[in-house]
Structures are given as structure tokens and as C-alpha cells.
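Reading through the C-alpha cells given below for one structure.
The values are calculated or read from the model by the stated rules, or taken from the named source; none is laboratory data. Note that the coordinates shown come from a computational prediction; the quantities given were computed from them, not determined experimentally. Counting neighbours? That spans all protein chains shown, and the Cβs are built from the backbone with ideal geometry, glycine included.
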Amino acid sequence: MKPVESLRRRATPVIEWALPYWTRGKAGRETPEELFKLLYLGWLVAFSFKVLGASWDVSWHFKWLRDDLAPPHLLNSVGTALALALTIIHVYTGYGVDRLAQRLITWGTGVFLVAVPLDLINHRINGLDITSWSPSHLMLYIGTLFMVCGVIRGWFVRAVPGRTRTLVLGGLFVFLFENVWFPAQHQEYGVYSIAAWDRGQPEAEPILIKFAADQIGLPMDDRAVALHFALPVPDQLYPLYAVMAGIMVAVYARAMIGRMFSATAVVGAYIVFRTLIWPLLAVADFPRSAIPVFVIAGALAVDLAFLIRMPVVRALVGSAGATLLVDQALRFQHSTFIAPPLVPPTTMLVGGAGLAVLWLAAEWSFSRHTLRAQEREALVSATATP
């Protein structure tokens, strides 16, 4: 049997199963359970490809001169193609999503697709621009943020209560945390890059160092070249972002998953992933990074804060506790291993105040949009019961 004929025979049953579902419909239409699970399995696969490609991409750019068709970009593109296909299915059929989830997924995919050519143009005009905090890069993260939030929303409002619901929701929040944390990796790779430069063993290839040096008009052996590209943003940005952005993902994870230590499990899973790819990058002679183990302390503070029943008190006490633990854990990691540059304690006071405002707003949204796990599971069970 020829390969083409074999492939056709295998594909025929799949096509025959899927075709009856390919009908125009509005968001929120009743979705068969098997189709619902298949769609969200597809999202888990798509996000897995995107995370693997993105994780390799940061290390790649600290070693090689940028290439549009670099392997990490191609790996990430597989995930993007799957995400685009799933977006089209949700938009056309209305299966598996409510209106808000559909809009978030659609806008997220749209912003991401617009950001891709803008990023290519940006690199053509500005050259290397490896900073994770550039406008075109931020558009990529924002697009992915909306996309993942839409998928979380779709699963959260429809999945039947049980172990599968909890595990998938936890996995989706790991993907969300990875996307939110992604730009902070620049400083985590940057401190390793500076340390290697100071040892006289730069991790970047000579062609990348020369390009960087020519771009800012300095000799290749000038330390300012390394600093300009390895740590291009103020030192205060890293801890402030960790406290306000990273911890807020943990807050939503704890509320929406609804299980004790949900926040710690989500952040811990991300740290485990970063720990596992660390030796793989090292063996392949790619640059390594400082793993943000300290964030687990903040996630634990979030879990403990949810033992407090009063929302306002929970937000204020939780913000203070998470900020304090993140600050102390970051200082401990800096002194015992390696971490991005430290900042004065006053910086963390600003971060704590910002976190308190965001957490209070989150507590309002939990009630306004029924985002607490127990309340939503009760609604799903009531809807599913004849």
C-alpha cells in the first residue's frame, strides 16, 4: 500500500467524525463532551510547542546572531499554527467557548499575528534589539496573554467538576505564568552572560558580539557592549515585575483552581520545567539562566493568604506577606547562588503597594465574574444536571 493511500485511509474516519461539527454557530452553543475535550487537548499541545520554542529562543538569542528561520522560531510556529486553527474553529462553530472566551482568543491571536511582521520590521530597522522588553516583543506576549486567558475562561466555565478539570486548569495556568514571566528571563540570562564575560569566556559567538559592538560603536572587548545587551533595563524592573505580575497570576490561579497550594503548585511546576531544561541547554553549549526559585515563596504566601475569609483583609495581608517573602527569598538566592541585581528595600515597598491595588481589584473581579472555583463548579453542576 502506498503511503498516500495509507494516510488517506487513516484520515477518512477522522474527517467523517469531524465534518458534522463543522457548522456555523454562535459562541456558547452546546458542545459534545468528546469534542470539548479534544479542542482543549489541542490547546495544551499548541501551548506546549510555543513554550518549548520560546524557552529555547531566549538562550538562542544570547548565543547566535538573529535568524528569522532559527529552530526555536520554527518550533514556536508549530504551536502558533495549531493555535490559529483552533481559533478559527471556535470563531466559526462557536463550540467550546462562551462569548468572552471567544473574544479573548480571537483578539489574542489577532494581536500576536500582527506583532510577528512588526517584530520582523523592527529588527530590520533597529538591528539586533534582543531585549525582551521591546514594543514588538511585548505585543507578542500580550497577544499570547489574551489567548491563554480566553482558553482558561473557556475551560473554566464549561468543564465538568473533577480531577480532569483541576489538572487541565492547573496546566493552563502554568502556561499563563510562563508567558507572563517570559520577559523577565532577559535579566536571568543577562546575569549569567555578564558573569561569563567577566571570566573571559563569553557565551555569545564572536559574530554576535561584533554585531552588538558595531551597533553601539564600541570595541568588541568593551564590557559596556555586554552590559548594553545583557542588562538593558533598570535593575528595579525585575523585582517589581516579579511581585506585581508574577504574584498576580498566582492569585488568580489559587482562586480559580480552588485547591489549597494551587498557586504554589503552578509556580513550582514552572520552576521544575526551567530546572529540567537548564542541563539540556548546558549540555548543548547554550547559555544558561538564573532560575527564579525565589518566586515559590511568594506563591506560598498567596496560598496561605487564602485561608483568610475576608477579601479585603486577604488582599492586604497577602500582598504584604508575598512582597516580604519574595524580597527575602530573592536576596537569599542572590547570596547563595545567582540572581539578577538587587535593589533597595524601598523598591519593594512600591511593588507591595502596587500588588495590593491589583489584588483588591482581583477580589472584586472574583465576585463580579464568578471566578471562584467553588461557585463556578456549582454553576456547572447545576447546568449539567437534567
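Taking the conditions exactly as written (under 30 Å from LEU100 (Cα atoms), touching a helix residue (DSSP H, G or I) at 6+ places or on another chain (Cβ under 6 Å), in a helix (DSSP H, G or I) and not acidic (Asp, Glu)), does PHE229 satisfy them or not? For PHE229, the condition - under 30 Å from LEU100 (Cα atoms), touching a helix residue (DSSP H, G or I) at 6+ places or on another chain (Cβ under 6 Å), in a helix (DSSP H, G or I) and not acidic (Asp, Glu) - is not met.
If only residues of the range 195-217 that are aliphatic (A, V, I, L, M) and crowded, with 18+ Cβ neighbours inside 10 Å are counted, the one that is nearest to SER48 (Cα to Cα) is ALA204. Evaluation of GLU188 against the conditions (1) under 23 Å from THR275 (Cβ atoms); (2) in contact with a helix residue (DSSP H, G or I) (Cβ under 8 Å, 6 or more places away or on another chain); (3) among the charged types (D, E, K, R) shows that the sole unmet condition is (2).
Quick one: is ALA224 over 30 Å from GLY96 (Cα atoms) and at pLDDT below 90?
Details: over 30 Å from GLY96 (Cα atoms): yes; at pLDDT below 90: yes.
Judged against the criteria, ALA224 is a match.
Residue check: ARG254 meets all listed conditions (1) basic (Lys, Arg); (2) surrounded by fewer than 18 Cβ atoms within 10 Å (Cβ to Cβ); (3) touching a residue at least 24 places away in the same chain (Cβ under 8 Å) but one, namely (2). Looking only at residues in the range 161-191 that are hydroxyl-bearing (Ser, Thr, Tyr) and surrounded by fewer than 20 Cβ atoms within 10 Å (Cβ to Cβ), the one that is nearest to LEU342 (Cα to Cα) is THR166. Residue under question is PHE177, and the condition is that it be within 21 Å of LEU44 (Cα to Cα) and out of contact with any helix residue (DSSP H, G or I) (no Cβ under 7 Å at 6 or more places or on another chain); does it hold? So PHE177 does not fit the description; no. Criterion first (of a type in the set (Gly, Ala, Ser) and without any contact (Cβ under 8 Å) to a residue 12 or more places away in the chain) does ALA378 satisfy it? Yes: the conditions hold for ALA378. Residues that are at pLDDT 95 or above and either touching a strand residue (DSSP E or B) at 6+ places or on another chain (Cβ under 7 Å) or not in a helix (DSSP H, G or I) (or both) within the range 250-264 comprise just one, PHE261. Scanning the range 315-349 for residues that are farther than 18 Å from ALA245 by Cα and charged (D, E, K, R) returns a single hit, ARG331. The set of residues in the range 253-292 that are in contact with a Ser or Thr (Cβ under 9 Å, 6 or more places away or on another chain) and within 20 Å of PRO183 (Cβ to Cβ) comprises ALA253, PHE273, ARG274, ILE277, TRP278, LEU281, PHE286, PRO287, ARG288, SER289, ILE291. Determine whether ALA305 is surrounded by fewer than 21 Cβ atoms within 10 Å (Cβ to Cβ), touching a helix residue (DSSP H, G or I) at 6+ places or on another chain (Cβ under 6 Å), of a type outside the set (Lys, Arg) and more than 30 Å from PRO71 (Cα to Cα). Answer is no for this residue. Taken together, the criteria exclude ALA101 from residues that are surrounded by 21 or more Cβ atoms within 10 Å (Cβ to Cβ) and closer than 30 Å to TYR192 by Cβ. Exactly one residue among GLU178, GLU188 is more than 13 Å from the chain's Cα centre (by Cα), modelled with pLDDT of 90 or more, in a helix (DSSP H, G or I) and of a type in the set (Asp, Glu), and that residue is GLU188.
Looking at this structure, is ILE247 aliphatic (A, V, I, L, M), closer than 26 Å to LEU349 by Cα and outside any helix (DSSP H, G or I)? Talk me through it step by step, then tell me what you get.
On the way: aliphatic (A, V, I, L, M): yes; closer than 26 Å to LEU349 by Cα: yes; outside any helix (DSSP H, G or I): no.
So ILE247 does not fit the description; no.
Residue pairs whose Cβ atoms lie under 6 Å apart, separated by 6 or more positions or on different chains, with the first residue in the range 265-293 and among the basic types (Lys, Arg) and at pLDDT 90 or above and the second crowded, with 20+ Cβ neighbours inside 10 Å and in a loop (DSSP other than H, G, I, E, B), are ARG274/ILE291.
Selection of the range 126-143 for residues being modelled with pLDDT under 70 and in a helix (DSSP H, G or I) yields only ASN126.
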